[in-house]
1. Of all residues in the range 168-180, which are open to solvent by 10 Å² or more (accessible area, probe 1.4 Å) and either of a type in the set (A, V, I, L, M) or assigned to a strand (DSSP E or B) (or both)?
2. So, G212, is that one touching a Leu at 6+ places or on another chain (Cβ under 8 Å), within 26 Å of P123 (Cβ to Cβ), crowded, with 16+ Cβ neighbours inside 10 Å and modelled with pLDDT of 90 or more or not?
3. Please indicate, with yes or no, whether at least one residue in the range 217-227 is surrounded by 22 or more Cβ atoms within 10 Å (Cβ to Cβ) and touching a residue at least 12 places away in the same chain (Cβ under 8 Å).
4. Given the criterion open to solvent by 10 Å² or more (accessible area, probe 1.4 Å) and not acidic (D, E), identify the matching residue among L160, L128.
5. Can you report the number of residues in the range 100-114 which are open to solvent by 70 Å² or more (accessible area, probe 1.4 Å) and of a type outside the set (K, R)?
6. Any residue at all in the range 89-98 that is among the aromatic types (F, W, Y), surrounded by 14 or more Cβ atoms within 10 Å (Cβ to Cβ) and farther than 19 Å from L157 by Cβ?
7. Filter the range 108-144 for residues that are without any contact (Cβ under 8 Å) to a residue 40 or more places away in the chain, among the hydrophobic types (A, V, I, L, M, F, W, C) and assigned to a helix (DSSP H, G or I) and give the result.
8. Which members of the range 187-198 meet the condition of being buried (at least 23 other Cβ atoms within 10 Å of the Cβ), under 19 Å from L65 (Cα atoms) and out of contact with any Cys (no Cβ under 8 Å at 6 or more places or on another chain)?
Amino acid sequence: MILVVTGRLELLRVQEEAQAIDQELFTEYKFSVDQLMELAGLSCATAIAKAYPPSSFPNSPPTVLIVCGPGNNGGDGLVCARHLKMFGYEPTVHYPKRPGKALFEGLTTQCQKMDIPFLSEFPSEATLIDELYGLVVDAIFGFSFKGAVREPFGSILRTLEQVTVPIASIDIPSGWDVEKGNPDSIQPDMLISLTAPKKAAQHFAGRYHFLGGRFVPMALQQKYSLHLPPYPETDCVLQLP
């Protein structure tokens, strides 16, 4: 068994198990990284639209700051930004460490062609973020992150700890240990778990927890005992209790 049960939530127990499922999707099921990234990013944008509809924002059009890290979590954030734009939001992206790979360059170009602005400098004051944006999307680090947080992301996270607008984290709140969480890092209002909730999700105390990424084949769910709750009808996201 690779799952532990906490209340009504079943959680992936360790980081390596989440990585193994991802690897099997790539090697055995022949999914491509960009395929899964597109589905994950769309799930994130859809969940955000359900939790924070445009009418709930204090400003119109609804402004969203998306902070992207250098890995696949950042790629999910870029896809999310593009779909939020299609949904009627006004996203702005901060992407300070860009990998020199065609996939991420393409995702960046797609956002730029849709007139999504990229901030060259991250706002130094939390109050400025609160004034300009109604939501922050944390797409900095995913479940595979280990080690100390390096700059500029250490400063970014310290600023985000002070904002009062809600933060939506993709898969795992940045700065958290994937198994133990981190009470001293950001405490998001929303968590969008991809594939399956990670063990750190038991420490999430925000208002909205969604499951996204409706792409795990049933045979793989059975192999890893992923007793995922059923998604409603054709939805790609599910709100968890």
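The values are calculated or read from the model by the stated rules, or taken from the named source; none is laboratory data. Keep in mind that what you see is a predicted model, and the values were worked out from it rather than measured. Cβ sites come from the backbone with ideal geometry, for glycine too, and all protein chains shown count toward neighbours. The accessibility values were calculated without ligands, DNA or RNA, using every heavy atom of the protein model including side chains. Shrake-Rupley method; radii C 1.70, N 1.55, O 1.52, S 1.80 Å.
1. If the condition is that a residue be open to solvent by 10 Å² or more (accessible area, probe 1.4 Å) and either of a type in the set (A, V, I, L, M) or assigned to a strand (DSSP E or B) (or both), then D177, V178 are the ones that fit.
2. Judged against the criteria, G212 is not a match.
3. No, the range 217-227 contains no residue that is surrounded by 22 or more Cβ atoms within 10 Å (Cβ to Cβ) and touching a residue at least 12 places away in the same chain (Cβ under 8 Å).
4. The unique qualifying residue is L128.
5. Of the residues in the range 100-114, 5 are open to solvent by 70 Å² or more (accessible area, probe 1.4 Å) and of a type outside the set (K, R).
6. Yes, because at least one residue in the range 89-98 is among the aromatic types (F, W, Y), surrounded by 14 or more Cβ atoms within 10 Å (Cβ to Cβ) and farther than 19 Å from L157 by Cβ.
7. C111, A126, L128
8. P188, M190, L191 - these are the residues of the range 187-198 that are buried (at least 23 other Cβ atoms within 10 Å of the Cβ), under 19 Å from L65 (Cα atoms) and out of contact with any Cys (no Cβ under 8 Å at 6 or more places or on another chain).
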